[in-house]
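What follows is a single structure, written as structure tokens, with notes after it.
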Amino acid sequence: MYFGKKKNRDNQSERVPPNQNVTTTFPVLHSGNVPYYTDLSKWNLQVYGLVDNPKLFTIEDIMTFPQTDLLNDIHCVTGWSKLDANWQGVKTQDLVVDVKIKSTAKFVILHAEEGWTTNLSISDFLKETSLIAHSFDHKKLTPEHGYPLRGVFPHLYFWKSAKWLRGIQFTEHNHPGFWERNGYHMEGDPFKEQRFSYD
Ligand SMILES: Nc1nc2c(c(=O)[nH]1)N[C@H]1C(S)=C(S)[C@@H](COP(=O)(O)O)O[C@H]1N2
Ligand SMILES: [Mo]
């Protein structure tokens, strides 16, 4: 499945949120260490919390889901935006079909390596453009960009797009993640400039 094509650069001003600058590079940004896997046999993705069927997916399981190719724009809260980033992976909507999310679930906590977390609403998580990505430009993610698997939630500031994703937890309440506990916004819509909790 392929969503969208290279968009018209004429409307770039509409695509770039306020106080963002477009870069053609791909900056690397995170706190903590880059995990280097030489072997994914012990790697898994845990999907749990308010679901009927908790799952533990291997990387092979992830590759058996319908695969999606998405072009989107990403916006880091530190001020850079990258247009037409090209990701390959599994749509969150496809990932959770058999998981059966309970109706009491309203929020999601994404868990990464080293206990790093971020939170988003279930509607943001399940948006049509929300992806669990294993590749960028048709090549496996590099370790710095989140190998073997990361979230991509392009309609939110890019800190919500957890690299080195290991867990997806469905919750009733909205629990702030790592940056959200440190003053960043609970939602993080770049077009509304929801950078900090007071915005
Ligand atoms: N696990 C984890 N994921 C993370 C972060 C992090 O510190 N840890 N930083 C976030 C931030 S602030 C940004 S801007 C993007 C950067 O992704 P990139 O390095 O692939 O550009 O990753 C996000 N995902
Ligand atoms: Mo960021």
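I'd like to know if segment 26-34 contains one or more residues that are within 16 Å of ligand 2 (Cβ to nearest atom) and touching a Pro at 6+ places or on another chain (Cβ under 8 Å). Step through it out loud before you land on a result.
Of all residues in segment 26-34, those within 16 Å of ligand 2 (Cβ to nearest atom) come to 26-32, 34.
Then drop every residue that is not touching a Pro at 6+ places or on another chain (Cβ under 8 Å), which leaves 34.
Checked segment 26-34: at least one residue is within 16 Å of ligand 2 (Cβ to nearest atom) and touching a Pro at 6+ places or on another chain (Cβ under 8 Å).
Let's see how each residue does on (1) touching a Phe, Trp or Tyr at 6+ places or on another chain (Cβ under 8 Å); (2) modelled with pLDDT of 95 or more:
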position: R9; (1), (2): no, no
position: E14; (1), (2): no, no
position: N21; (1), (2): yes, yes
position: N33; (1), (2): no, yes
position: G49; (1), (2): yes, yes
position: D52; (1), (2): no, yes
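Being over 26 Å from Y37 (Cβ atoms) and out of contact with any strand residue (DSSP E or B) (no Cβ under 9 Å at 6 or more places or on another chain) is true for just one of E172, E187, E193, E144. Which residue is that?
On the way: E172 fails: out of contact with any strand residue (DSSP E or B) (no Cβ under 9 Å at 6 or more places or on another chain); E187 fails: out of contact with any strand residue (DSSP E or B) (no Cβ under 9 Å at 6 or more places or on another chain); E144 fails: over 26 Å from Y37 (Cβ atoms).
On inspection, the qualifying residue turns out to be E193.
Mind listing just one residue for me: the one in segment 102-121 that is in a strand (DSSP E or B) and of a type outside the set (S, T, Y) and, of those, nearest to ligand 1 (Cβ to nearest atom)?
Let us first name the residues in segment 102-121 that are in a strand (DSSP E or B), namely 107-112, 117-121.
Keeping just the survivors that are of a type outside the set (S, T, Y) gives 107-112, 119-120.
Numbers: F107: 18, V108: 15, I109: 13, L110: 8, H111: 9, A112: 3, N119: 13, L120: 12 Å.
Looking at residues that are in a strand (DSSP E or B) and of a type outside the set (S, T, Y), I get A112.
Applying the criterion of being under 18 Å from G146 (Cα atoms) and either part of a loop (DSSP other than H, G, I, E, B) or β-branched (V, I, T) (or both) to the residues of segment 48-66, the residue that is farthest from ligand 1 (Cβ to nearest atom) is T58. What do you reckon, is T129 assigned to a loop (DSSP other than H, G, I, E, B), hydroxyl-bearing (S, T, Y) and surrounded by fewer than 16 Cβ atoms within 10 Å (Cβ to Cβ)? The answer is no for T129.
Criterion first (more than 16 Å from ligand 2 (Cβ to nearest atom), farther than 20 Å from V16 by Cβ and not hydroxyl-bearing (S, T, Y)) does R150 satisfy it? Judged against the criteria, R150 is not a match. Considering segment 153-163, the residues that are more than 13 Å from L29 (Cα to Cα) and not aliphatic (A, V, I, L, M) include one that is farthest from ligand 2 (Cβ to nearest atom), namely H155.
Being in a loop (DSSP other than H, G, I, E, B), within 16 Å of ligand 1 (Cβ to nearest atom) and either within 17 Å of E144 (Cβ to Cβ) or modelled with pLDDT under 95 (or both), is that true of even one residue in segment 75-82? Don't jump to the end; show me each part of the working.
Step one: of segment 75-82, the residues in a loop (DSSP other than H, G, I, E, B) are 76-79.
Remaining after also requiring within 16 Å of ligand 1 (Cβ to nearest atom): 76-79.
Then drop every residue that is not either within 17 Å of E144 (Cβ to Cβ) or modelled with pLDDT under 95 (or both), which leaves 76, 78.
So far as segment 75-82 goes, yes, one or more of its residues are in a loop (DSSP other than H, G, I, E, B), within 16 Å of ligand 1 (Cβ to nearest atom) and either within 17 Å of E144 (Cβ to Cβ) or modelled with pLDDT under 95 (or both).
Screening the candidates Y157, Y147 for the property of being buried (at least 22 other Cβ atoms within 10 Å of the Cβ) and at negative phi yields one hit, Y157. Within segment 88-111, can one find any residue that is within 16 Å of ligand 2 (Cβ to nearest atom), crowded, with 18+ Cβ neighbours inside 10 Å and not hydrophobic (A, V, I, L, M, F, W, C)? No, there is no match, as no residue in segment 88-111 is within 16 Å of ligand 2 (Cβ to nearest atom), crowded, with 18+ Cβ neighbours inside 10 Å and not hydrophobic (A, V, I, L, M, F, W, C).
The values are calculated or read from the model by the stated rules, or taken from the named source; none is laboratory data. Please read these numbers as outputs of a predicted model, since none were measured by experiment. Quick reminder, even Gly has a Cβ in these numbers, built from the backbone with ideal geometry, and neighbours come from all protein chains shown.
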